[in-house]
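Have a look at the structure below before the remarks.
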Amino acid sequence: MRKSLYISQNSIRILLGLMFIVSAVMKLLSLDTFVIYVYSFKILPFALTEIATRLLIAFEMALGAMLILKIKYKWTWWISTGMMIAFTIFLVYVAIFRNDDNCHCFGDIIEVKPWVSILKNLGILGALALVYGSCDRSLAFGFFKNEEGQEQFRCRLVPDHDVFCNGHDYPKACRVVMLSIVGVGAFVSSFVLFPPNAIFNKIFSDNNMVATSVFDKALTDSLVSLHFTNAKYDEAKDTVTFTVDTNYYQPQQGTYIIAVVSSGCKYCKQSCELMHSIFERNGLPNDRLVYWMWGANYPHCARFLRITKSWQHDCYRISPVLAVDMVYGSFPTFLVVKDGKVINAFNYRGIVEGDIVDYVEGGE
């Protein structure tokens, strides 16, 4: 009976560890969308979000490995339990206030609704309760007879007392080596194999506000393809209507401004309304201001154009991953482009009427 209990506890523990590792790997394989999802909560700037998400993935991966190997089991158990409680509370908030289609617990590979993930986490917490304080043994260790002939479970490694594990643990040197391997492996997987785009792009970009390599890729790979055409204001319905074409964006000759914006960003709306007013007041050609917009859906984009009164300008819908990578998650960002090449960039605080007129009319 006791042997069956040990085997059951070890099996549950190993399955829990494997699940943590699989969850971390799936997030890593769909890292871009996971970063965008975390960034959508507007807790951290994009560069810090990229680092925080990788730390979370590395942490989850390390916890899974430590559960399987039973390294520092007391602390691993408590940290795992605390993490699952924190995730569950977070998911309750998401289910009530956001109701997302996917909580990204397993990245984009397996879509899980928040309320389903809450049930999953409660099951995990129940499984963790079953292995609370279980003896630090692997299935390779066996049962032996003590001096009184009673069956007992013994570890073949040198014992190192830990009351959480009934008096046995890995030797200290062994724990240090395994912790180092787990930590280095998790860090390499999250940060070296998948380096943060914001930091990587800033290093190799010609401009510190825009990743020029991403902008060039958007043009050559035709990633900007959904073009809003025939846009007009419908006064009766108080909305902007348009049709969607898949014409690829063709760089214009001369100097023009591309506004990289989010349809739900209030600073983007304020800035684009101001930009439209500057163009209208100074008689600047409408085609010299182009919107590259990402948003939840077309009605959000239509609302953006109505609020900013900007339906006269060309507008393209782009993917959030492309937009965030291009401007390091800072919206709005205005790109000054000359003959298809970025020559300058500024944010909403950098909008200066005289400079914009000089860019468009003077070509400088």
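Would you pull out the residues with amide H under 5 Å of Tyr291's amide H, same chain only if 5 or more places away, H placed 1.01 Å from N?
Under 5 Å from the amide H of Tyr291: Ala259, Asp314, Cys315, Tyr316.
Which cross-chain or sequence-distant (5 or more) residues have an amide H under 5 Å from the amide H of Asn247, H modelled 1.01 Å from N in plane?
Excluding prolines and chain starts, which carry no amide H, the hits are His227.
Run down the lysines and flag those whose C-alpha is under 21 Å from the C-alpha of Lys72, throwing out any fewer than 8 positions away in its chain.
In chain and number order, the partners are Lys172.
Which of the peptides 86-92, 114-120, 320-326 is most tightly packed, and how do the rest follow, judged by the mean count of other Cβ atoms within 10 Å per residue? Walk me through the numbers on the way to the answer.
Details: 86-92: 15.7, 114-120: 17.6, 320-326: 22.9.
Result, highest mean Cβ count within 10 Å first: 320-326, 114-120, 86-92.
Every number here is computed from the coordinates shown, using simple stated rules; none is lab data. Please read these numbers as outputs of a predicted model, since none were measured by experiment. All Cβ positions, glycine included, derive from the backbone under ideal geometry; neighbour counts span all protein chains shown.
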